[in-house]
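To start, the structure itself, in structure tokens.
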Amino acid sequence: MKSKKLLAAALAAVLTLAGCGTTVLSAEETKELLTLSQKTMATVESMAAEMTMEMDMSMGEETAETTTVAKILTQQNPLRMQMNLSATLEDGTEAQNMQMYAEEEDGKLRTYVLAADTWYSQTMELGGLAQYNAEENVTLYLSNLADFSATATEKINDTEATKIEGTLKKDVLQKVLAESGMTETAAAMGVTEEQLAALTESVKSLPLTLWIDADGYVLKYEMNLTEVMQKIMDKAMEAAGSTDASSAVKVEKTSISMVCSQFNAVKEITIPEEAKSAESISANQ
């Protein structure tokens, strides 16, 4: 009998320890944390982020998996960015490797890209790299999150954060898709902006998960774009005249995640002189 009591006590202790740090916030507390996060993230002038985009597709027995990773440093007012981007195929083959700098200049964005050991310079609209600007994206997401709830407490980069799951409001989906790079992806596949807008109307929701620490900093966010990408793919196949079911492409997964750190602690981004003296190319080249 004594041994059974000891076992029960030990089990209770284990369960107590297992429960430590996993308290989920109430609906009101979650709302308060999101409000705090909006205020906190509005004060961020610089940060580091690592973006991972996964895109997995299949056609019959054939599969294609691509993972793109971008390591980004960002400074605001004026905007300045540094980024190293690499894309890897499922067999580990590196499909792309690129280094880039960008700076705000006369209301535009001047970019400097190192590709094949040569620097190129180009001017684009200020929002041209929106998908890589985590601070701006977070601001948009925090103010347009619906049907949200705190579902867990997890550690991101050794910092405890509340995991909040929700969906983005339908009236901002078009803007979110544009700033996630999906508009350009659709255009490359032959889907017009008008067609994409129509597709957006049929999207039920856009799932979004945020991990926010006690001070209101967003340590990570993750967006599921699988449904949207499938609709884009279906429209592209239709435009190409492909109606054969055997050639249908299934989008297994399309997701974007961003892990954020070094809030207001990024040292000044300096653009190399060889980049500044790079050949300037037009957007149509």
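Looking only at residues of segment 229-276 that are among the small types (Gly, Ala, Ser) and touching a residue at least 60 places away in the same chain (Cβ under 8 Å), we find that the one that is farthest from Met57 (Cα to Cα) is Ala265.
Does Thr88 satisfy being within 22 Å of Tyr112 (Cβ to Cβ) and under 19 Å from the mean Cα position of the chain (by Cα)? No.
Say we look at segment 125-143 and pick out the residues that are without any contact (Cβ under 8 Å) to a residue 40 or more places away in the chain and under 18 Å from the mean Cα position of the chain (by Cα); which of these is farthest from Leu34 (Cα to Cα)? My answer is Gly128. In this structure, Gly19 does not qualify as loosely packed, with under 12 Cβ neighbours inside 10 Å, at pLDDT 80 or above and either over 21 Å from the mean Cα position of the chain (by Cα) or among the aromatic types (Phe, Trp, Tyr) (or both). Looking at segment 232-247, can you tell me whether even one residue there is farther than 30 Å from Glu45 by Cβ and touching a Lys or Arg at 6+ places or on another chain (Cβ under 6 Å)? Within segment 232-247, not a single residue is farther than 30 Å from Glu45 by Cβ and touching a Lys or Arg at 6+ places or on another chain (Cβ under 6 Å). Does Lys163 meet the test of being among the charged types (D, E, K, R), surrounded by 16 or more Cβ atoms within 10 Å (Cβ to Cβ) and either within 20 Å of the chain's Cα centre (by Cα) or outside any helix (DSSP H, G or I) (or both)? Yes: the conditions hold for Lys163.
Residues being part of a helix (DSSP H, G or I), of a type in the set (Val, Ile, Thr) and under 30 Å from Ala115 (Cα atoms) are entirely absent from segment 237-255. Can you tell me which residues in segment 97-112 are free of Cβ contacts under 8 Å to residues at least 24 places away in the same chain and touching a strand residue (DSSP E or B) at 6+ places or on another chain (Cβ under 7 Å)? Result: Asn97, Met98, Gln99, Met100, Lys108, Arg110, Thr111. Within segment 215-225, the presence of at least one residue that is of a type in the set (A, V, I, L, M), under 16 Å from the mean Cα position of the chain (by Cα) and not in a strand (DSSP E or B) is confirmed. For segment 201-225: of the residues being in contact with an Asp or Glu (Cβ under 8 Å, 6 or more places away or on another chain) and more than 19 Å from Asp147 (Cα to Cα), which is surrounded by the most Cβ atoms within 10 Å (Cβ to Cβ)? Residue satisfying both the conditions and the ranking: Leu219. Scanning segment 110-144 for residues that are among the hydroxyl-bearing types (Ser, Thr, Tyr) and either touching a Ser or Thr at 6+ places or on another chain (Cβ under 6 Å) or surrounded by fewer than 20 Cβ atoms within 10 Å (Cβ to Cβ) (or both), which turns out farthest from Leu85 (Cα to Cα)? Out of the qualifying residues, it is Ser143. In summary, Leu73 fulfils each of the numbered conditions (1) more than 18 Å from Thr209 (Cβ to Cβ); (2) over 19 Å from the mean Cα position of the chain (by Cα) with the single exception of condition (2). The single residue among Ala198, Ala178, Ala150, Ala146 that is modelled with pLDDT of 95 or more and either under 20 Å from the mean Cα position of the chain (by Cα) or outside any strand (DSSP E or B) (or both) turns out to be Ala150.
For segment 113-126, a tally of residues being of a type in the set (Gly, Ala, Ser) and touching a strand residue (DSSP E or B) at 6+ places or on another chain (Cβ under 8 Å) returns 2. When each of Thr185, Thr192 is tested for being crowded, with 19+ Cβ neighbours inside 10 Å and of a type in the set (Ser, Thr, Tyr), the lone residue that passes is Thr185.
The values are calculated or read from the model by the stated rules, or taken from the named source; none is laboratory data. Nothing here was measured: the structure is a model prediction, and the numbers come from that model. Cβ: placed from backbone, ideal geometry, glycine included. Neighbour counts: every protein chain shown.
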